[in-house]
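Inspection log for the structure reproduced underneath, given as structure tokens.
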Amino acid sequence: MARYYFNFRSSDANDLDGEDFPDNATAIAEAKIVARELRRGRKNTSEDHIVVTNENGETIHEEPVDG
């Protein structure tokens, strides 16, 4: 298992704890679920993104949160 971090690009909301996932694809799928939940039931014109980084600090995915 590898540790992944989910941060927001346009704010100082950084994931300090991270979460373990078996691979990049599973972490990316989680980012998509979180973004979809954040969009649900509200109009969001923000250009915010969830930035997924691995335990080495490398960005593996950016998921838009805007709806």
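Assuming 0.36 nm per residue, please report the length gained on full extension of the stretch Glu58 to Asp20 beyond their Cα-Cα distance.
Working it through step by step, the gained length comes to 12.1 nm.
Sorted by packing (mean other beta-carbon atoms within 10 Å per residue), highest first, where do 52-58, 9-15 land?
The densest-packed peptide leads the list: 52-58, 9-15.
Going by how many other beta carbons lie within 10 Å of each one, how would you line up Asp17, Asp66, fewest first?
Starting with the residue having the fewest Cβ neighbours, the order is Asp17, Asp66.
What do you get when you divide the Cα radius of gyration of the chain by 2.2 N^0.38 Å, with N the number of residues?
1.07
Can you list residues whose amide H is under 5 Å from Val65's amide H, if they're 5+ apart or on another chain and H is modeled 1.01 Å from N?
It is Asp48, His49, Ile50, by chain and number.
With only Lys, Arg, Asp and Glu charged, each at its Cβ (+1 for the first two, -1 for the last two), find how big the charge dipole of the range 2-64 is about the Cα centre; round to the nearest 20 debye.
Charge dipole, the range 2-64, about its Cα centre: 500 debye, nearest 20.
Within the range 15-33, find all residues whose amide N lies under 19 Å from a label point positioned 7 Å from the Cα of Arg9 along Cα-to-beta-carbon.
Backbone N within reach: 15, 27-33.
We did not get these values from a lab; they are worked out from the coordinates using the rules stated. Model, not experiment: these values are computed from the prediction. Positions of Cβ are backbone-derived with ideal geometry, glycine not excepted, and every protein chain shown enters the neighbour counts.
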